[in-house]
1. Fully extended, how many nm does the chain gain between residue 49 and residue 208 (0.36 nm per residue separation, minus their Cα-Cα distance)?
2. Between segment 5-57 and segment 96-114, what is the C-alpha centre distance in whole Å?
3. With each run of n ≥ 4 DSSP H residues scored as -39500 (n - 2.57), what mean residue ellipticity at 222 nm is computed for the chain after dividing by its residue count and rounding to the nearest 500 deg cm²/dmol?
4. Listed highest first by mean packing, meaning other Cβ atoms within 10 Å per residue, what order do 153-164, 196-207 come in?
5. Top mean-square fluctuation among 224, 53, 263, Gaussian network model of the chain, C-alpha springs under 10 Å?
6. How do the peptides 32-43, 59-70 rank, highest first, by the average count of neighbouring beta carbon atoms within 10 Å per residue?
7. Exposure proxy check: 56, 218 ranked by fewest other beta carbons within 10 Å?
8. Given a Förster distance of 22 angstrom, what is the FRET efficiency for residue 159 paired with residue 114, based on the Cβ-Cβ distance and rounded to 0.05?
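Values in this text are rule-based calculations from the coordinates and carry no lab data. Keep in mind that what you see is a predicted model, and the values were worked out from it rather than measured. In this analysis, Cβ positions are derived from the backbone assuming ideal geometry, glycine residues included, and neighbour counts consider all displayed protein chains.
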């Protein structure tokens, strides 16, 4: 089983996670820029974070046989903080980088006017830079948030089929699918989706344009739940080809819209700026 996790925050995970993910079949990941768990106090902290997603994290992943790409954006949680909004002015210079395969996570947290502005602007940037967009649907009042998101997408120059609507569930999947966008589901303990609920959605709506991710981060989460979902699909009667479509070919197709996807990364021989994670190895 080959796995491409299209939404995982590896900066919050250990090298043991990379090793376990590779053993489970994970060969590629996309890491969206997100909130760190506490407010950032200056735009410069974003730039250091973006640089780590573009340099250190791909280097770390490659040592474990995993191709790492990222999406960059001002995330919804901080889109209304005046200390952070200057990031929107600097974002274009980062969207030129080779490892950036989408604009994201953008979208909604509390559905404020500031979030409206940030989402609309970043969808426009995605269009201007020839990138798809990863859109975070809110965790509260999900259906209203999804509908508002779809309205902003329709008003933007970015075509719906270049948008991934993420963190969907049973209440939002039909309208998301009807919008023409790609649909994303996070398999996450206690909140969001679980493997069996995901299988039920796949049984009802099919496997086309569906991406399944772990969204693993600082919280209680599991980077191997993509594998668990694939196994649940097989147990429910899906074919190996169905599993491959959901866990590999669909994310390859979506992020391939960027023209920057490189899945043939070799383990680096040189150190990354003098740093190595090959401590204690053979």
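1. Details: separation 159, 0.36 × 159 = 57.24 nm, distance 3.34 nm.
Here the segment from residue 49 to residue 208 would lengthen by 53.9 nm.
2. 15
3. Values: 11 runs with 106 residues, N = 282.
Value at 222 nm, helices only: -11000 deg cm²/dmol.
4. Numbers: 153-164: 18.2, 196-207: 16.2.
With the highest mean Cβ count within 10 Å placed first, the list reads 153-164, 196-207.
5. In the Gaussian network model the winner is 263.
6. 59-70, 32-43
7. Values: 56 16, 218 13.
Arranged by neighbour count, lowest to highest, 56, 218 become 218, 56.
8. Numbers: r = 25 Å, r/R0 = 1.14.
About 0.30, to the nearest 0.05.
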